[in-house]
Amino acid sequence: MPIRWKLRIAAAQREAWTGTDLQRLLRERAGVEMSLPSVWALLTKQPRQVELETLAAPCQALDCTPNELFEIDTAPVASPAPARRRSTAGGSTPAKQRSLRPA
């Protein structure tokens, strides 16, 4: 299930063009102090995982919802094809197994 991180787009839509802009908003509106390299990483890299507090801070700073920060591809994944039964050598079918129950 592919996930697309869209923090940079959400920030730009609110005229936070740089890491410094977002860092200031995080401090002023969310009360979160983050180093500039950490803010820059959030803006420019696809995170593998995000803690809820980390996700909530940009939402509060940018006045947005988590849905504006990431997009999940929910297209159905194709099911694997069922395994086909192999034929035995010579094209004959395997012998029928006998039941162990009395008749």
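Quick notes
- Near Lys6: Cβ cut-off under 9 Å, other residues only, Lys/Arg at +1 and Asp/Glu at -1. The net charge is 0.
- Taking trypsin sites (Lys or Arg not before Pro) across segment 1-67, the ones in a DSSP loop with at most 12 further Cβ atoms lying within 10 angstrom of their Cβ are Lys45, Arg48.
- Cα shape, segment 3-72, gyration tensor, a/c 1.5 rule: rounded
- Taken along the Cα-to-beta-carbon direction at a fixed 7 Å, the label points for Arg24 and Arg48 span 3.4 nm.
- Long-range HN-HN contacts of Phe70 with modeled amide H, under 5 Å: Lys6
- Phi-derived couplings, Karplus 6.51 cos²θ - 1.76 cosθ + 1.60 at θ = phi - 60°, listed residue by residue for segment 35-42: 5, 4, x, 5, 5, 4, 4, 4 Hz, with x used for Gly and Pro.
Only the coordinates and a few stated rules stand behind these numbers; no lab work does. Computed from a predicted model, the values in this text were never measured in an experiment. So basically every Cβ, Gly included, is an ideal-geometry build from the backbone, and we count neighbours across all protein chains shown.
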